[in-house]
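Below you'll find the structure, written out as structure tokens, and then a few comments.
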């Protein structure tokens, strides 16, 4: 029996990351163009890249949403209609918006489907109903909302609901933070966030010795333990944060959450007997172990089940856990001969590496001799270099290889 499961929505910070996320299991990706979004430091898409990305995603059965979630001034709105027409021509599946003026401009100049960005901080039923009247079909709820509150909002409003399930967290209500404006002169609501909440600050005051502390920095969100609750609540889309993060991140998170959703689609959210209970425990443990291999701060469930408390604050220096590093991307697999790999971080013969296939367990191997395109033995690879590694059947284009500790 197949059970209904939500959409898995992954970040696509570049055309390469889009392909990685889609092939590792994302049902949809979200990305930004050169203007109108909030991640100006990301490798945002040019129109030719966007055209290729939409085509690739659609060929593999995935959807593409474009973020237009910056808060715009009148001069910004002048350039928007032309961009909307391009998005419609490319058959983009939806746009993600936070500004009422942008919503009105979209409705006037296109038939694009509109999703409300988390930047609008929609947290309750009445707000959702109001946004529905503006033409929004889906709301990306604020991260302060629990799964159970989200289910109530969906039922009462009749809108699709989308929630964050994994990634970095903002300590402020989305769309309402101006710390970066104050400390750096960079507008966090117009794509310039400097992540000032991650900095160390000195605490001084009566009865307080001067100390350095990251008291405004949040732990990272981990929702793998409550995927079942998302399904039972009927949440439409599970969103992964991280357009500025690595290929390793995009691929691993897409793979693990996709595997979890497929598993619950097959078995349901509750084991039927002791045998299934053991299977559930084994799979759930393995997913969590894989997500621990990503570069991350300590994990928290934030407000997904209960309101986030003091234990969700990341009160250490911003040192990310970073044991596993992506070593290269597979570009070609020539049967019985070699796999062609683009090097991302240097490696040499004798090192332990792992191939991460699109499905199934990672394959660990000790690297033997390998060669450049001229057939010359390589003593140590260099980032950007193309090298030929020994062939094995599981390797496919766009698989990544990582260094294992």
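Coordinate-derived values only; no laboratory data. Since the model is a prediction, treat every value here as computed from it, not as a measurement. So basically every Cβ, Gly included, is an ideal-geometry build from the backbone, and we count neighbours across all protein chains shown.
Helix 274-292 axis versus longest C-alpha principal axis of the chain: approximately 90°, rounded to the nearest ten. Using Cα extents along the principal axes in Å as the read-out, say which of [x] 62, 59, 53; [y] 90, 44, 40; [z] 58, 42, 39 was calculated from these coordinates. Of the labelled values, this structure produces [x]. P(r) for the range 325-403, from all Cα pairs and a bin width of 10 Å, is 21, 62, 17, 1 %, short bins first. Here the contact order of the chain, divided by its residue count and restricted to Cα pairs under 8 Å and six or more residues apart, works out to 16 percent. Rounded, prolate or oblate: which one fits the range 8-105, using the alpha carbon gyration tensor with axes a ≥ b ≥ c (rounded when a/c is under 1.5, else prolate when a/b beats b/c, else oblate)? Cα axes put the range 8-105 in the prolate bin.
The DSSP beta bridges internal to the chain are antiparallel in roughly 55% of cases. Secondary-structure-derived ellipticity at 222 nm for the chain, considering helices only, amounts to -9000 deg cm²/dmol, per-run term -39500 (n - 2.57) for DSSP H runs with n ≥ 4.
Label the range 272-318 by shape, choosing from rounded, prolate and oblate, from the square roots a ≥ b ≥ c of the eigenvalues of the Cα gyration tensor; if a/c is under 1.5 it is rounded, and otherwise prolate applies when a/b is larger than b/c, oblate when it is not. Taking the square roots of the gyration eigenvalues as a ≥ b ≥ c, the range 272-318 is oblate. For the range 263-405, a/c is not less than 1.5, where a ≥ b ≥ c are the root eigenvalues of the C-alpha gyration tensor, and a/b does not top b/c. That puts it in the oblate class.
Per residue, the average separation of C-alpha pairs within less than 8 Å and at least 6 apart gives the range 325-403 a relative contact order of 45 percent. Taking the fewest neighbouring Cβ atoms within 10 Å as the starting point, the ordered list for 19, 380 is 380, 19.
With viscosity set to 0.692 mPa s at 37 °C, what whole-number translational diffusion coefficient in µm²/s follows for the range 195-322 from Stokes-Einstein and a Kirkwood radius over Cα pairs? Show your work: numbers first, answer last.
Working: Rh = 16.9 Å.
D = 194 µm²/s.
Packing here is the average count of other Cβ atoms within 10 Å per residue, and on that basis the peptides 238-246, 89-97, 351-359, highest first, run 238-246, 89-97, 351-359.
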